[in-house]
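Below is one structure, written out as structure tokens, with a few remarks after it.
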Amino acid sequence: MTDDARTAELAASLARVEDRVRAACAASGRQRADVTLVVVTKTFPAADAVRLAGLGVHELAENRDQEAGPKAAEVAAAGVDVRWHFVGQLQRNKARSVARYADVVHSVDRPGLVTALDRGASAAGRELDVLLQVDLGGGAARPGAPRGGAFPDDVPELAEAVTGSASLRLRGLMAVAPRDEDPAQAFSRLAALAADLRHAHPEATWLSAGMSGDLEQAVAAGATHLRVGSAVLGSRPPL
């Protein structure tokens with residue numbers, strides 16, 4: 001690990017986030033070990049990913065394949081072992097590429113993507129953990145509104161598609177709280193959906209929810225994975 005000012009900055013930020021996560025777990029009666037911190041490194045250099053690994057963070061996330069692929073290769077070339085989570089909207093034509101380096105894809109939202117990821121993972125000789133991204137914004141009631149994932153009613157069919165694939169493992173659900181709603185209410189709905197999914201698929205125990213601004217509400221709702229970026233790395237540089 002490089003002993004420099006940036007490493008010290010990241011260490012201080014991580015400590016502050018860790019304090020928040022521990023406090024949220026204590027307030028919710030949960031064990032800290034049950035919550036995984038995934039640091040989103042999008043727009044930041046591979047050098048920061050290497051620094052984070054040196055600070056004990058081995059779960060990192062990206063949301064754009066054109067940035068994530070080269071960054072993952074650079075980090076691997078540095079001899080650093082991390083798990084890569086892909087958290088962004090994913091097009092089918094990028095699925096083969098993502099399946100070569102990602103360990104977890106959080107944004108599976110349609111059957112066609114399941115098929116594409118399964119083919120990509122099979123071609124790479126890998127198994128890929130996936131989460132189903134759910135739209136919590138009521139997009140079904142607003143025709144033409146951008147979708148933030150699969151509609152809740154589509155989750156059972158999508159889950160069956162994943163469990164019927166050759167190289168994908170269903171891990172659970174992911175969602176982003178709508179900007180115009182109390183995150184606690186949104187995550188409560190997500191928790192109910194997750195309970196229904198676990199009833200049908202007991203192996204689907206992960207719940208990916210919560211970011212820098214709402215991680216406390218996510219922990220209270222049962223999140224197992226927090227996707228935190230700016231609270232650790234700082235303001236994002238322009239693309």
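Give me the Kirkwood hydrodynamic radius of segment 22-158 in Å, from all C-alpha pairs, to one decimal place? Display every interim value, and only then the final one.
On the way: mean 1/r = 0.0612 Å⁻¹.
Here the Kirkwood hydrodynamic radius works out to 16.3 Å.
Take the Cα of Asp182, go 7 Å toward its beta carbon, and the backbone nitrogen atoms of segment 198-219 under 13 Å from that spot belong to 217.
Once each part is reduced to its C-alpha centroid, what is the distance from segment 193-216 to segment 99-133 in angstrom? Distance between centres, Cα-based: 18 Å. If the chain linking Ala11 and Ala124 were pulled fully straight, counting 0.36 nm for each residue of separation and taking away their Cα-Cα distance, it would gain 37.2 nm.
One equal scatterer on each Cα of segment 124-214, no solvent, Debye formula: the resulting log10 I(q)/I(0) at q = 0.11, 0.22 Å⁻¹ is -0.32, -1.09.
Highest average first, the peptides 175-185, 212-222 ordered by how many other beta carbon atoms sit within 10 Å of their residues are 212-222, 175-185. Accessible surface for Phe151 stands near 50 Å², nearest 10, in the context of the full protein assembly shown (1.4 Å probe).
Can you tell me the length gained on complete extension of the stretch Asn93 to Phe151, counting 0.36 nm per residue apart and subtracting the Cα distance?
Details: separation 58, 0.36 × 58 = 20.88 nm, distance 2.23 nm.
Roughly 18.7 nm would be gained on extension.
Once you keep just the Cα pairs under 8 angstrom separated by 6 or more residues, what percentage relative contact order results for segment 79-206?
Numbers: 220 pairs, mean separation 28.0, N = 128.
Dividing the mean separation by the residue count of segment 79-206 yields 22 percent.
Each listed q (0.11, 0.13, 0.14, 0.22 Å⁻¹) maps to a log10 I(q)/I(0) for segment 1-81, found by the Debye formula over equal Cα scatterers with no solvent: -0.33, -0.46, -0.52, -1.04. Over the chain, the Kirkwood radius and the radius of gyration, each from Cα atoms, give a ratio Rg/Rh of 0.95.
Heavy-atom accessible area per residue, the chain, 1.4 Å probe: how many Å²?
Numbers: 10880 Å² over 239 residues.
Averaged over the residues of the chain, the accessible area is 46 Å².
Working from Cα pairs under 8 Å separated by at least six residues, relative contact order for the chain is 20 percent.
The values are calculated or read from the model by the stated rules, or taken from the named source; none is laboratory data. These numbers were taken from a predicted model, which means no experiment stands behind them. As a convention, Cβ positions derive from the backbone with ideal geometry for all residues, glycine included, and neighbour counts pool all protein chains shown. Areas reflect the complete protein model, heavy atoms only, side chains present, ligands, DNA and RNA absent. Shrake-Rupley method; radii C 1.70, N 1.55, O 1.52, S 1.80 Å.
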